[in-house]
Amino acid sequence: MEMMEKAEYITPEVEDMVVLRNIVKRFGKVVASDHVNIEIKRNEFFSLLGPSGSGKTTLLRIIAGLEKPDEGVVILEGKDVTNLPPYKRNIGMVFQHLALFPHMTVFENIAYGLRLRKFPEDEIKRRVYDALELVKMPPETFAERKPSQLSGGQQQRVAIARALVTQPAVLLLDEPLGALDLKIRQHMMLELKRIQRTVGTTFVYVTHDQGEALVMSDRIAVIHEGRVEQVGSPYEVYEKPRTKFVANFIGEANFFEGTLRDGTVETSFGAVKVATDIPSGRRVVVSLRPERIRVGKAAEGAENVFEGKIREIVYKGDILIVMVALDDIEIKVNVPATHPEARKLREGDIIRVGWDSGDEAGVFELEAE
Amino acid sequence: MSWMESLIDFVRKYKLLVALLVLGPPLIYLTVYFFAPFLITILYSFGFIGRRGVVTWEFTIKYYQQALRWVYLKVFYNSVVLAAITTVGSILMAYPVAYFIAVKAPKKWKNLLVVSVMVPYWVDFLLRTYALMNIFTMMKMMFTYEAVVIGMIYDYLPFMVLPLYANLEKLDKSLLEASYTLGASPFKTFLKVTLPLSKPGIASGTILVFVPAIGEFIVPSMLGGVSVTTIGTLTWDLFLKFHNWWRGAALSILYIAVVLITLIIYMRKVGELEI
Amino acid sequence: MSMSLRDKLMGLYSAFVYAFLYVPIIIVIIFSFNESRTLGQFTGFSLKWYQVLLEDKVVWVAFYNSLNVAVITTLVSLFLGTLAAYGMVRLDIGGKGAVDSLLYVPIIIPEIAEALSLLLFYKFTGYELGWLTVLLGHIAFDISFVYVVVRARLAGFDRSLEEASLTLGANEVQTFLKVTLPLSMPGIIAAALIAFTLSFDDFIKTAFTTGPGFQTLPLIIWSQSARGGVGPELNALTTVIMAISMTIAYIYAKLTMEKQ
Ligand SMILES: Nc1ncnc2c1ncn2[C@@H]1O[C@H](COP(=O)(O)OP(=O)(O)OP(=O)(O)O)[C@@H](O)[C@H]1O
Ligand SMILES: [Mg+2]
């Protein structure tokens, strides 16, 4: 992780739309943000990903100005806005429960920000209609409805239109898809991505769903207990997790511990070759994704080959999940349904598993107690 | 817009002052016209204030001794008994109705049924008790204890139906179905599931009926005449007929003490009051 | 869905209870239109008792007094109670629990105890009993009801609506005017209705705190019905007051049901 920078900051490059410097926020004893440093670039789709209670919403609210950090600086478009109220920051926000004004029509909801900015009425109408078109809501049908007369997905679209219509520099979204069912959710994910590409606004997207984050984001910040564990592209956080937490939280992984000696980890079931810079003699934990493990004939010739008994097979359509016992631990292996030996696998059989060094998602030093 | 911004700045900077400006007026009003009068009542009850409002600073408990005399204690007792009868009577009348509205009644009827209970709730006891006088006069029942009991239940019934309904409405109907599938008869289900779960509603209703019923004045006075004496009628007489303010004050303070103790016990045992 | 016998019995019982609630009221209304004075015998339809009411100066004065007190009480208690509610929900200060309990006390204390303490207070401080003393007492009582109703409404609404307004460029005052106030309007109206009826047909507090020459409608009913005096004029008057209260109650019910 990057070390904290000194309190003084250098005016960032213009392409940094949002910069959080050393943000600390406490609620009583809870440290909701713990020295957070993040730089979000222009036009980026940036996600804050982490488990419930990790402090994602708090960070978003700090960017919005709805919460004031105890320490640290918030910079929007190169300007220090730490002490500005939300209405003086050039932002839009989509709330978790949308917060559409129930006493206003769809049109009035979207026009709200424009009216406050004193746009002429015909300009307001044009912009509201454009915004509705952008989110694929025909204005003729929907403009005069009340939010209560819309489906969940439609309300979602209105909330996005309302937040975007004032052309904010940054759009902040707090788990906006949380309340939708799976089908609409998957559809809205693609929609959001499309909208973001169309308008080119910087999106900061909060979610606890790794699927959403991986699909939509340009970059992801993984948050854990108020700290940033890793910032990187979806590929980086999935394939090259920096910490054990990230490896565990994103995707699935098998973990095994051992002592590192000359590029080999001595585990309970044997020596495992790994690729790492960690010096010899340290206790480490190796993370290995289930889809990286080969079985049967395919495992032959791999750098690490072991044999184990099949404990359980779960059929998932496109893959078989095979639990294999290696000495005292059990590892999970994803076998594609198209694998030539897939149909012959039986619970109780002995099976060969194998992988090369470098296939592991990561090798992490265990903290010395 | 600038006045707005300076206003917002002001609110931010002088939080405490703003709190005073906002909460001050209502609190000052209540202090002067609600709490101060009770303080005055306490002063009267201990004889600090004498005839013609002269403050004497002579402390005495004789008015309390008078208020605790046997005849008065009997009135207290009568009031509590009447309130208890009223409470039990209204539970018996209200429970099936509340249950019917909450669980059995067809959906489209529900609102109408609730509103029909709510509407009388809004009419002052004086008017509704007067309404009963027509019937009791016809039936030659005026100035009997029965008339008072029926009148009490009549007036307090909505105070029992509404909290019971609010409680039963929240009851998860699938619990009843679960009980049926486990082999319990509807009657057993009522005893083992519905009734225990509706205890908070019964408790709320009991408080809303029992506590004010102890001090009820209008019903015993209008329907009972001189034949029924309660704390309410006694207080009224002491004040507006005999002008014995000191004894009346002591009686009233005792009554408030009973009410507060009942409420505190209730809050401890059951918690929040619904409605 | 067909009902079982048990359910039908319960429905029948409920119908009986509703009849119990409404028959006396209906009888008052019916006999207010009775031609003769005989109770229990409807001899013919007539509006003459309403005619009598209309021509009765005392009733008109009392009606004016009731209305006057109720309207002023509503306005003042609405202002003070709403102020208290906003303050308690929105201000970020300590000691709120204690203040909240204080604001609830007038609802808990039995009316007769409150009424006599007001009387003692007025006597002690030398107020002249009449319009003002009645009014001041009604307001004290109503503030708490307004407070409870408005507070519940405010506490029940989603804070993020106000936050959304802030992020859309409205400052706190604009947010209050465009979002908070319109959304709490149903609560404020409901509170106003409650405050009005509580004051309009209040009897006990008024009886204790009024002075010679200041009569309200409930006081007229009281003095004329004392010792069993039931009559068609009183039935007509009661019908009028009940009609007012019940209409307001109905509006209130409509308002609060719709929001669910
Ligand atoms: N207003 C507040 N008062 C007290 N504690 C708070 C407040 N807001 C957040 N917290 C605490 O700060 C921590 C972070 O909360 P936050 O809402 O940012 O989490 P989150 O990552 O958004 O979680 P979720 O996915 O559940 O929404 C939690 O422990 C939470 O309880
Ligand atoms: Mg959150």
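Observations, loosely collected:
- When both region C:149-213 and region A:301-369 are represented by their alpha-carbon centers, they are found 65 Å apart.
- Sulfur and carbon atoms: percent of accessible area, the protein assembly as shown [1.4 Å]: 60
- Descending semi-axes in whole angstrom, ellipsoid equivalent of region A:255-365, from the Cα gyration tensor: 26, 13, 12
- Rel. contact order, % - alpha carbon contacts under 8 angstrom, at least six apart, region C:45-145: 44
- The Cα trace of chain B gives Rg and Dmax of 24.2, 74 Å, the first to one decimal, the second as a whole number.
- Selection among A:Phe306, A:Gly50, A:Leu164 by position relative to the dipole of chain A gives A:Leu164 as farthest towards the positive end (Cβ unit charges, Cα centre).
- Our analysis of region B:2-60 gives Rg over Rh at 1.39, with the two radii drawn from alpha carbon positions and Rh computed by the Kirkwood formula.
- For chain C, the Kirkwood estimate of the hydrodynamic radius, built from every pair of different alpha carbons, is 21.5 Å.
- Principal-axis analysis of the Cα atoms of chain C puts helix C:232-258 at an angle of about 30° to the longest axis.
- Under-5 Å amide H pairs with A:Glu229, H placed in peptide plane, nonlocal only: A:Val222, A:Ile223, A:His224
- Averaged over C:169-181, number of beta-carbon atoms from partner chains that fall within 10 Å: 5
- Cα-centre dipole for region A:173-248 with unit charges at Cβ (Lys and Arg positive, Asp and Glu negative), debye to 20: 220
- For chain A, DSSP calls about 75 percent of its internal beta bridges antiparallel.
- Loop-located trypsin sites (Lys or Arg not before Pro) in region C:30-99 (DSSP state not H, G, I, E or B) with no more than 15 neighbouring Cβ atoms inside 10 Å: C:Arg37.
- For C:182-188, mean number of other protein chain Cβ atoms within 10 Å: 1
- In this label model, A:Arg194 and B:Lys110 are separated by 3.9 nm, measuring between points 7 Å along each Cα→Cβ vector.
- Cα-projected label distance for B:Lys170 with A:Asp262, points at 7 Å along beta-carbon direction, nm: 7.1
- Solvent exposure of region A:2-244, expressed per residue, is 44 Å² of accessible area, with all protein chains present and a 1.4 angstrom probe.
- Surface calculation, 1.4 Å probe, protein heavy atoms: A:Arg292 sits at approximately 80 Å² accessible.
- Think of a 1.4 Å ball rolled over the protein heavy atoms: region B:67-210 then has 43 Å² of accessible area per residue.
- In terms of its alpha-carbon gyration tensor, the protein assembly as shown comes out prolate; a/c meets the 1.5 threshold, and the first ratio a/b outweighs b/c.
- Of the DSSP H helices in chain B, those with a Cα length along their own long axis of 24 Å or more and a mean Kyte-Doolittle hydropathy reaching 1.0 comprise B:70-99, B:245-270.
- Karplus (6.51, -1.76, 1.60) ³J(HN,Hα), θ = phi - 60°, over region A:321-331, in Hz, Gly and Pro reported as x: 9, 10, 8, 10, 8, 10, 6, 8, 10, 10, 10
- Ranked by the mean number of other Cβ atoms within 10 Å of their residues, highest first, the peptides B:239-245, B:120-126 fall in the order B:120-126, B:239-245.
- Taking the longest Cα principal axis of chain A as reference, the axis of helix A:152-164 is set at about 60 degrees.
- What the Cβ-Cβ distance of B:Val226 and C:Ser36 gives, at R0 = 30 Å and to the nearest 0.05, is a FRET efficiency of 0.50.
- Inter-label distance, A:Val305 to A:Leu84: 6.4 nm, where each label sits 7 Å from its Cα along the C-beta direction.
- For region A:204-256, the list of GluC sites (Glu not before Pro) that fall in a loop by DSSP and count at most 16 other C-beta atoms within 10 angstrom reads A:Glu225, A:Glu252.
- Rolling a 1.4 Å probe across all protein chains gives C:Ser66 an accessible area of roughly 0 Å².
- Those trypsin sites (Lys or Arg not before Pro) in region B:75-153 that DSSP places in a loop and that have at most 14 other beta carbons within 10 Å: B:Lys140
- Debye, to nearest 20: dipole size of chain B, +1 on Lys, Arg Cβ, -1 on Asp, Glu Cβ: 280
- Accessible heavy-atom area order of C:Glu55, C:Glu163, highest first, probe of 1.4 Å: C:Glu55, C:Glu163
- Between the helical axis of A:182-199 and the longest alpha-carbon principal axis of chain A there is an angle of about 60 degrees.
- Dipole magnitude of the protein assembly as shown, debye to nearest 20 (Cβ charges: Lys/Arg +1, Asp/Glu -1, about Cα centre): 2820
- Mean-square fluctuations from a GNM of chain C, with a 10 angstrom spring cutoff on Cα atoms, peak among C:Gly229, C:Gly169, C:Gly87 at C:Gly169.
- Cα gyration tensor shape of region A:2-244, rounded if a/c is under 1.5, else prolate or oblate by comparing a/b with b/c: prolate
The values are calculated or read from the model by the stated rules, or taken from the named source; none is laboratory data. Remember, it's a predicted structure, so these values are computed and weren't measured experimentally. Backbone-built Cβ (ideal geometry, glycine too); neighbour counts: all protein chains shown. Quick note on the areas: whole protein, heavy atoms, side chains included, nothing else; ligands and nucleic acids left out. Shrake-Rupley method; radii C 1.70, N 1.55, O 1.52, S 1.80 Å.
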